[in-house]
Amino acid sequence: ALAISGNELFVGGNFTQANVGGVVVAANYVAKFDLQTNSWSALGSGSGNGLSHQVLALAIKGHEVFVGGDFFQANVGGATVTANNVAKFNKATNTWGVLSADTGVGVNGRVSALALNGDDLFVGGNFFAANVGGTMSILVRGIAKFNTQNNIWSALGSDGGRGVDSSVTVLTVRNDELYVGGTFMQVNIDGPPVTAKYVAKFNLLTNA
């Protein structure tokens, strides 16, 4: 996974070191490369330097870097933060946090895709619950929406629909439509289902 913010390139994947062959920087599964100084650095506070396992998706909004993957902790090596498969890193404070308004720590399965549209972060992967561990777990199906302003999770669908019947692997937004790709055959699961083989679109205005 790659994402750019200004002169900073954020890199995610399956690694534990950056600048290999030079002065090695410990960086667990995510790192930052400064395009002006050509230097690598880890993401974390104190001795923290990333996540507990692989990163598969990145998205940036302002000073926040959203990270998705297959992990359960952030700021590994420092004061760890419990974060299930999705987390956020504050570039201004160099601190990790979770996506929640209460005690929720993420979703209950792998996150493979992230996409931003205004204040909404769309999260796709292989999971069926969001805000796990919080005061109210949200039933979702492979895809969910997190509002970065009110810190609330919600499902995507109409008339009780909550997502897709399998995994989501890629997301992108154009105007008012969210395009979704993955291993599914139907969408709007738990509502009136729609047959859609491996790719579908979701209208953000009509929620259908």
Search region 92-142 for residues being of a type in the set (D, E, K, R), in a loop (DSSP other than H, G, I, E, B) and within 15 Å of the chain's Cα centre (by Cα), and hand back the single one that is surrounded by the most Cβ atoms within 10 Å (Cβ to Cβ).
R110
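Matching residues to (1) touching a Lys or Arg at 6+ places or on another chain (Cβ under 8 Å); (2) at pLDDT 95 or above:
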residue: L156; (1), (2): yes, yes
residue: T183; (1), (2): no, yes
residue: P193; (1), (2): no, yes
residue: N203; (1), (2): no, yes
residue: A208; (1), (2): no, no
Taking S47 as meeting all but one of (1) of a type in the set (S, T, Y); (2) in contact with a Gly (Cβ under 7 Å, 6 or more places away or on another chain); (3) open to solvent by less than 60 Å² (accessible area, probe 1.4 Å), write down the number of the exception.
(3)
Among what's in region 177-186 and is open to solvent by 70 Å² or more (accessible area, probe 1.4 Å) and assigned to a loop (DSSP other than H, G, I, E, B), pick the residue that is nearest to G124 (Cα to Cα).
T183
Which condition number does G118 fail, the rest of (1) touching a residue at least 12 places away in the same chain (Cβ under 8 Å); (2) within 15 Å of A59 (Cβ to Cβ) being met?
(1)
With the condition kept exactly as written, say whether any residue in region 35-44 is in contact (Cβ under 8 Å) with a residue 24 or more places away in the chain and open to solvent by less than 30 Å² (accessible area, probe 1.4 Å).
yes
Is there any pair with a first residue in region 1-30 that is exposed (fewer than 12 other Cβ atoms within 10 Å of the Cβ) and a second that is assigned to a loop (DSSP other than H, G, I, E, B) whose Cβ atoms are under 8 Å apart and which are 6 or more apart or on different chains, and what are they?
N7/L35; N7/Q36; N14/Y29; N14/Q54
Does any residue of region 145-163 turn out to be among the charged types (D, E, K, R), in contact with a strand residue (DSSP E or B) (Cβ under 7 Å, 6 or more places away or on another chain) and farther than 16 Å from A113 by Cα?
yes
Against the condition of a type in the set (D, E), exposed (fewer than 14 other Cβ atoms within 10 Å of the Cβ) and either in contact with a helix residue (DSSP H, G or I) (Cβ under 8 Å, 6 or more places away or on another chain) or part of a loop (DSSP other than H, G, I, E, B) (or both), how does D190 come out, does it pass?
no
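The values are calculated or read from the model by the stated rules, or taken from the named source; none is laboratory data. Note that the structure is predicted; figures quoted are calculated from it, not measured. All Cβ positions, even for glycine, are placed from backbone atoms using ideal geometry, and neighbour counts span all protein chains on display. These area figures cover heavy atoms from the full protein model, side chains too; ligands, DNA and RNA do not enter into them. Shrake-Rupley method; radii C 1.70, N 1.55, O 1.52, S 1.80 Å.
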